[in-house]
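Asks: Pasting a structure here, questions to come.
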Amino acid sequence: MHESADEHALERILGKNDEMADHNREHFRRSKTCVFNVMSAPGAGKTTVLEWTFRNLDGKFKPCVIEGDMVGNLDADRIAKTGTPVYQISTGRSCHLDAQMITRLLHSESVEKSDTIFIENVGNLVCPAEFPLGEYKRIVLLSITEGDDKPIKYPVIFRNCDLVLLTKCDLMEHVDFSLEEAEKRILAINPNVLVMHVSAKTGYGMEKWLAWIVRQISEYQSEIKKIAHVHHSAH
Amino acid sequence: MHEAAIAQSIIDIVLRRLASIRSDNAKAQRVSVILGEFRNVEPESLAFAFENMREFYPELTECRLDMETISAQAKCQKAQHLYHPEPTSFYLCPICESGIGCLIRGEEMDVVNVVIEIPKAEEEKRHARIG
C-alpha cells in the first residue's frame, strides 16, 4: 500500500538557468560591463562582424569576447588576431551556451577588465534562444544566403531579440532574398526589433551597426548609473 | 538537441521535490509539464530524452512525463485583435493582417505537478512523529 503526495507548485523548467542569468546580469551591473549575446545559424557571419567591429572601435571601449563552439577554437583564433581578449567555451555535445558556463568566467582576468563583452553563441537558431545568459541586449544575425523564410521557421529567436542584422548583403545580386520581405516577417513576429542591412566584407551598413553598439553601451552605462543613484538615495 | 537539457532540468525539479519529502523510499510517479507553442521544444524529443535519462535515477524509473501543449494566443499590433498566430499565415492577424503585438499565451515552460508515492508504513510513521 502506498500514499500519494501531489506537489502542485508551478515551477519554471529552466528556472535554474534564469537564476544564473540573473546572477550574471547583476555581476555585470556591478562591474559596469555591457554584455551582448550574439546568435545566428552557423556561418551567418558572427565572427566576421565582430572582427570588423574590433578593427573599427578605435580604442573607444575595452571589449572582450566569449566564444561558444561545440568543438575547436577557430573563431577564437580569428578574434585573437584583432588583439581582443577572447575566451573559448567548448560546449561538447551541447548546442547552446547556458548561463552557468558564463558564470564560470565572471572572474577571469580579461572579463573583469572589460567594459563590453560580446558572447558569440553556438551557431544555431533554435536552442540558444531558450537560455538567457545575463546579457543586456540580444543580437540575431540572418545572412541573406539562408533565405528570407527563416523568421517564419524560427520565430522564437526573432521574437526575443533587440537587433537583427541581415548580413552578407554584398551577395544580394546572387541570391533570391527579399530584404523587404524578410524585414516584414521579422517585424510581424517582433514589432520592437531594429533591422539593419550590412556587409562586413564591403563595410556596407556597418557604420550604422557600430553606432548602434556605441549607443547601447552608453545607454547601459546611464541606466546603471541611475540604478546606483536610486540605491544610494534609498540608503 | 536542447531537449536533453530540458529533460535534465525536469528531473532536477522532481529530485528536489523528492528530497523535500525526506523519505528514503519515496518514488516519483508522474511529472506534468506545460509547454507553450512559442517555445522551442519538440514533445517527442523531450519524451525520448526524459525516458532515457530517468533510468539513471532509481527513484524516477517509473516516473511518467505528461506534457500539455499550450496553443499560442496573441493580440495583434494594429487593433489588439485576439488570434492564434500560425506559421502558415506568417503569424499575421486574420482580421487586419498586422503582426504579433503581445503574446498572451504560448511561452509557458513549467512543471505544474509532481506525483510522489510514499510507502504507507513510512507515511504513518511520519504522521505519528508530527502528531
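Asks: Mind counting the residues in the range B:1-13 that are among the β-branched types (Val, Ile, Thr) and either more than 9 Å from every other protein chain (Cβ to nearest Cβ) or more than 18 Å from A:Glu11 (Cα to Cα) (or both)?
Replies: Residues meeting the conditions: 1.
Asks: Which fully enclosed helices (runs of 4 or more DSSP H) of the range A:108-175 have 1 or more residues being over 29 Å from B:Met109 (Cα atoms)?
Replies: Answer list for the range A:108-175: A:109-113.
Asks: Do we find that B:Ala49 is in contact with a Pro (Cβ under 7 Å, 6 or more places away or on another chain) and modelled with pLDDT of 95 or more in this structure?
Replies: Here the answer is no, as B:Ala49 does not meet what is asked.
Asks: Please go through the range B:18-30 and give me each residue that is crowded, with 21+ Cβ neighbours inside 10 Å and facing another protein chain (nearest Cβ under 9 Å), ordered by number.
Replies: B:Ala26, the sole residue that qualifies.
Asks: Follow-up. Sort out which residues of the range B:44-67 are in a helix (DSSP H, G or I) and over 14 Å from the mean Cα position of the chain (by Cα), and write them in order of number.
Replies: The answer is B:Phe48, B:Glu51, B:Asn52, B:Met53, B:Arg54, B:Glu55, B:Phe56, B:Pro58, B:Glu59, B:Leu60.
Asks: Here's something else I'd like to know. I'm trying to understand the selection: among the residues of the range B:68-124, which are at the interface with chain A (Cβ under 9 Å from one of its Cβ atoms), part of a strand (DSSP E or B), touching a Phe, Trp or Tyr at 6+ places or on another chain (Cβ under 8 Å) and surrounded by fewer than 20 Cβ atoms within 10 Å (Cβ to Cβ)?
Replies: If the condition is that a residue be at the interface with chain A (Cβ under 9 Å from one of its Cβ atoms), part of a strand (DSSP E or B), touching a Phe, Trp or Tyr at 6+ places or on another chain (Cβ under 8 Å) and surrounded by fewer than 20 Cβ atoms within 10 Å (Cβ to Cβ), then B:Leu103 is the only one that fits.
Asks: Would you say A:Val230 is at pLDDT 95 or above and not charged (D, E, K, R)?
Replies: No: the conditions fail for A:Val230.
Asks: What residue, among those in the range A:131-181 that are farther than 21 Å from A:Leu97 by Cα and in contact with a helix residue (DSSP H, G or I) (Cβ under 7 Å, 6 or more places away or on another chain), is surrounded by the fewest Cβ atoms within 10 Å (Cβ to Cβ)?
Replies: A:Thr145
Asks: Shifting gears a bit: Can you name the number of the only condition in (1) open to solvent by 50 Å² or more (accessible area, probe 1.4 Å); (2) assigned to a strand (DSSP E or B); (3) within 14 Å of another protein chain (Cβ to nearest Cβ) that A:Gln88 fails?
Replies: Of everything listed in (1) open to solvent by 50 Å² or more (accessible area, probe 1.4 Å); (2) assigned to a strand (DSSP E or B); (3) within 14 Å of another protein chain (Cβ to nearest Cβ), A:Gln88 misses just condition (3).
Asks: How many residues are in contact (Cβ under 8 Å) with a residue 12 or more places away in the chain and over 17 Å from the mean Cα position of the chain (by Cα) if we restrict to the range A:28-61?
Replies: Of the residues in the range A:28-61, 7 are in contact (Cβ under 8 Å) with a residue 12 or more places away in the chain and over 17 Å from the mean Cα position of the chain (by Cα).
Asks: Related question: Could you list all residues from the range A:182-220 that are open to solvent by less than 50 Å² (accessible area, probe 1.4 Å), within 14 Å of chain B (Cβ to nearest Cβ) and either of a type in the set (A, V, I, L, M) or outside any loop (DSSP other than H, G, I, E, B) (or both)?
Replies: A:Ala182, A:Arg185, A:Ile186, A:Ala188, A:Ile189, A:Val193, A:Val195
Asks: Would you point out which residue out of A:Met70, A:Met101 is within 14 Å of chain B (Cβ to nearest Cβ), within 30 Å of B:Glu37 (Cβ to Cβ) and at pLDDT below 95?
Replies: Of A:Met70, A:Met101, the one residue that is within 14 Å of chain B (Cβ to nearest Cβ), within 30 Å of B:Glu37 (Cβ to Cβ) and at pLDDT below 95 is A:Met70.
The values are calculated or read from the model by the stated rules, or taken from the named source; none is laboratory data. If you're wondering where the values come from, they're calculated on a predicted model, not measured in any experiment. Note that each Cβ is placed from the backbone with ideal geometry, even for glycine, and that neighbours are counted across all protein chains shown. Ligands, DNA and RNA are excluded from the accessible area calculation, which covers all protein heavy atoms including side chains. Shrake-Rupley method; radii C 1.70, N 1.55, O 1.52, S 1.80 Å.
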